[in-house]
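Read through the structure below, which is laid out as structure tokens, and then see the notes.
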Amino acid sequence: MVNHADLSEKFNVDEPRVNWHDETLWWVRQKRDRAAKQIPEWEELRSVASSIKDNVLSNLSEYLAEFEKNAKQNGVHVHWAADADEHNQIVLEIIQSHGIKSIVKSKSMLTEECHLNPFLIKNNIEVVDTDLGERIVQLAEEPPSHIVLPCIHWKKEEIGDLFHKHLGTPAGNADPIFLTRAARAHLRKYFLSAKLAMTGVNFAIASTGEFVVCTNEGNADMGAHLADVHIACMGLEKIIPERKHLGVFLRLLARSATGQPITSYSSHFRKPAEGQEMHIVIVDNGRSRQLGRLDFRNSLKCIRCAACFNTCPVYRRSGGHSYHTAIAGPIGSILAPNLDMRNYADLPFASTLCGSCSNVCPVKIDIHQQLYKWRQVLVEEGYVTKEKSVAMKTMSSVLSNPSKYRLAGRLGRWILRNAPFLAKNRWNLWFKHREMPEAPKNSFREWYLENKVNKK
Amino acid sequence: MSSRDKILSAVKSNQPSRVPIAEINITVADDEDLKSKYLRILESIGGKGQIVDSCDEIQKILSADFDPSSRKIAVGRSWPGFAESFSAAIDPHQLENVEVAIIEAHFAVAENAAVWVTEDRMGFRALPFICQHLVVIIPEQHIVATMHDAYQFIGHREYNFATFIAGPSKTADIEQSLVLGAHGPISMRAFLLRQE
Ligand code: SF4
């Protein structure tokens, strides 16, 4: 079974590259900070956003029904998918009912989560991802490594080589402007010929039945407005009650994601254009189950800005693919075990629990606390490897018993001073990649007691 | 039971007890003149903007910037001899070679330089995206401070499709280098038109 530690080890083979990855993401995080600081009411916005989502989660079934009713009144076809398979089947049926063989798709992490592309390809449908970053990873036959910056792990020279191979650009040209223009020309052909376009959904408004799609590239709009059929796929947690709530979320989303004041386009789709057909697929795929998990339901507030990725010291130094799931990073590590505890039991451990994610999250999800809670659940349910589970159980027994704790401390210091090989060996997973400290003679407690006595 | 009913009942039985909706009561400091803030932010996101007195002035500026033979299309007021007027008789795919599209927005938002455009102001929905260069005219008085004000303005107005446009299309997917002109317009130019 793949796990985060092994995959990160692979990613860490090339140290300068890891440093570059780390610094690039930190730079994005800093842009977020600068944007947030320009808004004096930033913290207030985060609180309001979080509490709007509290209301949404507590009233979700009613809002979903209201959204459906209004969308239908707007002339939009509404479909419901209990899981990924049903989602994929619905999409395929719409495509096939029009006799279409090739579609364009703008960024949708939900379709990644459902593994739609391989499914459609298996059914002889050509899918062209039109977001530049997604097109790059698609040509490279890889999944995106980041939900906002899909090819953040790629160097421009490598993209130059990839485009040389697939788009026929001159070998050795790695100029971002040149390559972007080449992709623009390449994808325009698809926009102009596609009969069906798929998009994701950033927000769906219950009271009007409209949905909002945000992009910088304009690819969602190019696809949707030039095609005869538009399919928009959304997770059922994307609902917000009214238009005015967009004011809050659109102020937060792009600033948190890339430090921009807003994305270039925030398009509000309410009714299909004349002669056009519009579909919405509302997907559960584990979300209703997560809603019932008291400790984890807040993860459904996520607006997919990726601020928690960019700030995470583990993500920055292990790369998106090490999470082996469509949505990587801290939030992905909370969402994935809900879908499959066995396969993703490693992910809540891929964190230092430093709390930086929770500090930047625009909807104030207690991300690091949820990661910590998942660890308890996974150990309890027996999904964690023997070494880790023994270590965790021992640690909790030691930490909850003062005399055991003191004994353990004395033992540890004695070992590090007198028999360091017992700690500094390859069986101690903690020692891997870490220097063990020189151990002091006394614990803080011993030092404190001694000094207190001396002073008297 | 259909998937719909199964999903809705699972959601219903798992959702927490009702939490009232929060009021949006956010006070914003109005520290800067809205026009100058709008123009400053627009520039920072790769757009260009200026205040003008008349459409003649706009035409003069655009004539200097764009080849007279390039295809220009306008929605709203007419620009005889300069830009063709939008006609519903064509297929949107024929907009492929439009060099410049001139549209009129309802209002602009100072905090992020977005302009609000509804479908009736676009002619075709595809127009503001498929053109190479986008020109947007906004009445000088129609600038709001924040997105909260924007949605207050929009209220319950009807539209079939509408969008906020902020600057040209862009991407930074290649090593985080910002490139203007991804799939939509390569440039975006805004004119704040003084009351004629
Ligand atoms: S959990 Fe918060 S910070 Fe992370 S992607 Fe979601 S909204 Fe953004």
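FYI, it's all coordinate maths here, none of it is from the lab. Note that the coordinates shown come from a computational prediction; the quantities given were computed from them, not determined experimentally. Every residue, glycine as well, gets a Cβ built from its backbone with ideal geometry; the counts of neighbours run over all protein chains shown.
The table below gives the values:
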{"quantity": "Spacing of the two label points (7 Å from each Cα toward its C-beta) at A:Arg406 and B:Asp65, in nm", "calculated": "7.8"}
{"quantity": "Virtual spin-label span in nm between B:Ser78 and A:Glu274, 7 Å along Cα→Cβ", "calculated": "2.0"}
{"quantity": "Inter-label distance, nm, simple model (7 Å from Cα along the C-beta direction), A:Ser102/A:Lys452", "calculated": "7.9"}
{"quantity": "Phi to ³J(HN,Hα) by Karplus 6.51 cos²θ - 1.76 cosθ + 1.60 over the stretch A:29-34, Hz, x for Gly, Pro", "calculated": "4, 5, 5, 4, 4, 4"}
{"quantity": "Positive dipole terminus of the protein assembly as shown, leading residue within A:Gln30, A:Ala5, B:Ala182 (C-beta point charges)", "calculated": "A:Ala5"}
{"quantity": "Helix-only [θ]222 nm of chain B, DSSP H runs n ≥ 4, -39500 (n - 2.57) each, per residue, nearest 500", "calculated": "-6500 deg cm²/dmol"}
{"quantity": "Per-pair calculated FRET efficiency, R0 = 60 Å: B:His93 and A:Val390 via Cβ, rounded to 0.05", "calculated": "0.40"}
{"quantity": "Residue-averaged 222 nm ellipticity for chain A, from DSSP H runs of 4+ at -39500 (n - 2.57), nearest 500", "calculated": "-16000 deg cm²/dmol"}
{"quantity": "Volume per residue of the C-alpha convex hull in the stretch A:1-140, rounded to whole Å³", "calculated": "213"}
{"quantity": "Within 10 Å of each Cβ in A:223-229, the average number of Cβ atoms from other chains", "calculated": "4"}
{"quantity": "Extension gain (nm, one decimal) between A:Val13 and A:Lys441, 0.36 nm per residue minus Cα-Cα", "calculated": "150.4 nm"}
{"quantity": "Proxy reagent accessibility, fewest Cβ within 10 Å first, across A:Asp284, A:Asp295", "calculated": "A:Asp295, A:Asp284"}
{"quantity": "Ellipsoid semi-axes in whole angstrom, largest first, where each is sqrt(5λ) of the Cα gyration tensor of the stretch A:95-227", "calculated": "26, 17, 15"}
{"quantity": "For B:Asp173, A:Asp6, order by how many other beta-carbon atoms lie within 10 Å, fewest first", "calculated": "A:Asp6, B:Asp173"}
{"quantity": "Rounded if a/c under 1.5, otherwise prolate or oblate - the stretch B:32-193, Cα gyration tensor axes", "calculated": "rounded"}
{"quantity": "Residues B:Thr146, A:Thr258, A:Thr394, A:Thr199, sorted so that the one with the fewest Cβ neighbours within 10 Å comes first", "calculated": "A:Thr394, B:Thr146, A:Thr258, A:Thr199"}
{"quantity": "Cβ-Cβ FRET estimate between A:Arg342 and A:Gln369, R0 fixed at 22 Å, reported to 0.05", "calculated": "0.45"}
{"quantity": "Cα-based helix-to-principal-axis angle, A:42-58 vs chain A, degrees rounded to 10", "calculated": "70"}
{"quantity": "Over the stretch B:32-193, relative contact order from alpha-carbon pairs under 8 Å, at least 6 apart, %", "calculated": "28"}
{"quantity": "Directionally averaged projected area (convex hull, Cα atoms, chain A), nm²", "calculated": "26.1"}
{"quantity": "Relative contact order, percent, chain A [alpha-carbon distance under 8 Å, six or more residues apart]", "calculated": "20"}
{"quantity": "Subset of A:Lys53/B:Lys170; A:Lys69/A:Lys271; A:Lys101/A:Lys122; A:Lys107/A:Lys195; A:Lys301/A:Lys373 violating a 20 Å alpha-carbon distance limit", "calculated": "A:Lys53/B:Lys170"}
